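Trainee: Sharing a structure here in structure tokens format.
Please treat every number below as a calculation from the coordinates, not as lab data. Since the model is a prediction, treat every value here as computed from it, not as a measurement. When we count neighbours, we look across all protein chains shown, and the Cβ atoms used for this are built from the backbone with ideal geometry, even at glycine.
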Amino acid sequence: MTLTANQETPPPAVGRAGTKKELPEHFKDYRHVWVFIEVERENVHPVSFELLGEGRKLADKLGVKLAGVVLGPPGDATQQAIAEAFAYGADVAYLVENPLLEDYRNEPFTKALTNLVATYKPEILLLGATTLGRDLAGSVATTLLTGLTADCTELDVDADGSLAATRPTFGGSLLCTIYTLNCRPQMATVRPRVMAMPRRMNKPIGCVIQHGVPMLEEEIVTKVLGFLSDVRSSNSNLAYADVVVGGGLGLGTSENLKLVKNLARVIGAEYGCSRPLVQKGWMPADRQIGQTGKTIRPKLYIAAGISGAIQHRVGVGGADLIVAINTDPNAPIFEFAHLGVVTDAIRFLPALTDVFTQRLSPHSRDKLAN
Amino acid sequence: MHVVVCIKQVPDSAQIRVHPVTNTIMRQGVPTIINPYDLFALEEALRLRDVHGGEVTALTMGPPMAEDSLRKALTYGADRAVLLTDRYFAGSDTLATSFALSQAIVKIGEIFGAPDIVFTGKQTIDGDTAQVGPGIAKRLDLLQLTYVSKICSLDLDAREIKVDRRSEGGTQMLHGRLPCLITMLEGTNEIRRGSLDDALRAARSQIVKWSAADAGIEDLSKCGLRGSPTVVKRVFAPTARTEKAEQITTTDKALGDLADELVVEIFARQPALEHELAFDASA
């Protein structure tokens, strides 16, 4: 078997570094903002709603429509996803309904989304930076030979209507703003929990545009043999937890992680850690909080023994209240935490766990209410 | 079998510092390493070779000094290393990078035999995009298997592969066909130390160095800045919040009192939490 590379040049123009030129004529009919609505195993990923909230702002600035894109098999889950897209602000929904879009597979999803984009020409296409979204976005952008900016933390439209996509670079120590010049659509992914969740509205169903994409099962190389759901609730919950307790190297030994877990259990929180702990093998990678791990956006984040490297900061910046416990009063974490306790987390965590236990037992909660 | 592993030489991001006045990256003295995620891909490739026979080719695109990473890959046990280096590649975004690498992989296939599998790490620690792997797959029209946590079986005669793939909230078990591109998840294997023989061989080995022309790339407009639709317009430091944490430490206070004070303060600032924090002794 030999490999051949696609060297042919499709319609999209090549970029010209640093120079924003008049868009080629065939790009001028690229309009509207699209959000890919991620449905996996019948559930819409909340990042899709977060993106609709952000997409709404971009569409309003541009004076264009906001659309949700749903790819799925015929059935209730797909219809429900469309209804949800409208409830979170979409004006229009584009739908490719096909039994082959049941479980996520790269080939049929890439084909369906690429086909939709080529047909209806959105100016901006946003996807969640999930395993599914990143897998799909990379294929679609390469097929369309357009730009794709990963893991954006801020999206805006500049004076001449171009998408300004800001993302962390160099492990989060700097931010950069990226433009896609002379190519359409302008594509970006955004991680879960980076954008705020918009308010859900009770909106009647809007305009649904059905699009047929011919696909045959025989042409799809990938077959799904099975799916094993995470029994450990952690894997999906960390990003969406209201309260998170994080542990860092200041805990000294892996044994001391139980102090973090105890506190988390008592207050009904999720627990995670900073990157060095994953590198040491003390915690699995899906519990890592930060630039290369999970972005969290809890109401309360308690960071125990975490120094607060910039990579960690990127992941917790959206927390409403950050409480840091660290022996070093000059640790960087105190630069962005709201409340700090300068003490040894190993000794302080059990005391804190005790206080919460007392305050939050049903009995004392009743007492507090009186 | 022939496996190509794409690796990247990256600055050790843990050691990067930003100049406090100019807000620019201080690269001087920052050590470079093989992108840690790529090591899991390399190890997986070596394991497949050890079981099924054949060769592993390590490939990187970068400046001449990226040779260091390739030499390191040879010490781990790669059979051959190819460095794609040319000033035309400077400023490549992920689309341009995937183009150049895919062309080099075609060339590698012509000279050393077509690869059965192309491996990459799940992403790099400097760019964090996870886009180059899928980009290469699309350019070469290869089946793409990303975030693979385990290669369950490989049948070279039947040209079949079964893998576990990490997805949101679970693991997908997939069946696919060769040739394919796999991006390997971190922590999926134990990276070997490399033998003394490998180290000696690596020291003696020639690294294959290719320019754009050597790799058979004719259309230079698809490379480097010119071939990159995305352009970085502005680089800046995150705005620091002006107020620092209110530190409620006092050394003479008992830990319990300190904890109490903290909890009171937490609830004062986030009153809603008092109702939301669930106390569940059985959890």
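Trainee: Cβ-Cβ under 7 Å, sequence separation 6+ or interchain: first residue in segment B:101-119 and at the interface with chain A (Cβ under 7 Å from one of its Cβ atoms) and free of Cβ contacts under 8 Å to residues at least 60 places away in the same chain, partner part of a helix (DSSP H, G or I) and not small (G, A, S). Which pairs?
Mentor: What qualifies is B:S102/B:I136; B:S102/B:R139; B:S102/B:L140.
Trainee: What pairs come up if the first residue lies in segment A:25-40 and is part of a loop (DSSP other than H, G, I, E, B), the second is among the polar types (S, T, N, Q), and their beta carbons are under 6 Å apart, counting only those six or more places apart or on different chains?
Mentor: Qualifying pairs under 6 Å: A:E38/A:S48.
Trainee: Can you report the number of residues in segment A:129-148 which are in contact with a Lys or Arg (Cβ under 7 Å, 6 or more places away or on another chain) and within 19 Å of A:R31 (Cα to Cα)?
Mentor: Number satisfying all stated conditions: 1.
Yes or no, residue by residue, for (1) surrounded by fewer than 21 Cβ atoms within 10 Å (Cβ to Cβ); (2) among the acidic types (D, E); (3) over 20 Å from A:A196 (Cα atoms):
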{"position": "A:D60", "(1), (2), (3)": "yes, yes, no"}
{"position": "A:G63", "(1), (2), (3)": "yes, no, yes"}
{"position": "A:A67", "(1), (2), (3)": "no, no, no"}
{"position": "A:L71", "(1), (2), (3)": "no, no, yes"}
{"position": "A:Y94", "(1), (2), (3)": "no, no, yes"}
{"position": "A:T110", "(1), (2), (3)": "no, no, yes"}
{"position": "A:V117", "(1), (2), (3)": "no, no, yes"}
{"position": "A:Y120", "(1), (2), (3)": "yes, no, yes"}
{"position": "A:T130", "(1), (2), (3)": "no, no, no"}
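Trainee: With the condition being under 24 Å from A:V70 (Cα atoms), I'd like the strands (runs of 3 or more DSSP E) fully within segment A:161-257 carrying at least 3 qualifying residues.
Mentor: A:186-190, A:207-210, A:223-229
Trainee: For segment A:319-334, how many residues meet the condition of being under 21 Å from A:A239 (Cα atoms) and hydrophobic (A, V, I, L, M, F, W, C)?
Mentor: 6
Trainee: For segment A:261-370, which fully contained strands (runs of 3 or more DSSP E) count at least 1 residues that are out of contact with any Gly (no Cβ under 7 Å at 6 or more places or on another chain) and within 8 Å of another protein chain (Cβ to nearest Cβ)?
Mentor: A:300-304, A:321-326, A:339-342
Trainee: Test A:A90 against the stated conditions and say whether it is more than 25 Å from B:E186 (Cβ to Cβ) and either of a type in the set (G, A, S) or within 14 Å of another protein chain (Cβ to nearest Cβ) (or both).
Mentor: Yes, satisfied.
Trainee: Another question, then. Quick test of your reading of the structure: B:P134 fulfils all but one of (1) in a helix (DSSP H, G or I); (2) more than 18 Å from the chain's Cα centre (by Cα). Name the failing condition by number.
Mentor: Among (1) in a helix (DSSP H, G or I); (2) more than 18 Å from the chain's Cα centre (by Cα), B:P134 violates only (2).
Trainee: Please state which of the following conditions B:S92 fails to meet, knowing it meets all the rest: (1) within 10 Å of another protein chain (Cβ to nearest Cβ); (2) closer than 19 Å to A:R167 by Cα.
Mentor: Answer for B:S92: the failing condition is (1).
Trainee: Regarding A:L155, is this residue buried (at least 22 other Cβ atoms within 10 Å of the Cβ) and more than 8 Å from chain B (Cβ to nearest Cβ)?
Mentor: For A:L155, the condition - buried (at least 22 other Cβ atoms within 10 Å of the Cβ) and more than 8 Å from chain B (Cβ to nearest Cβ) - is met.
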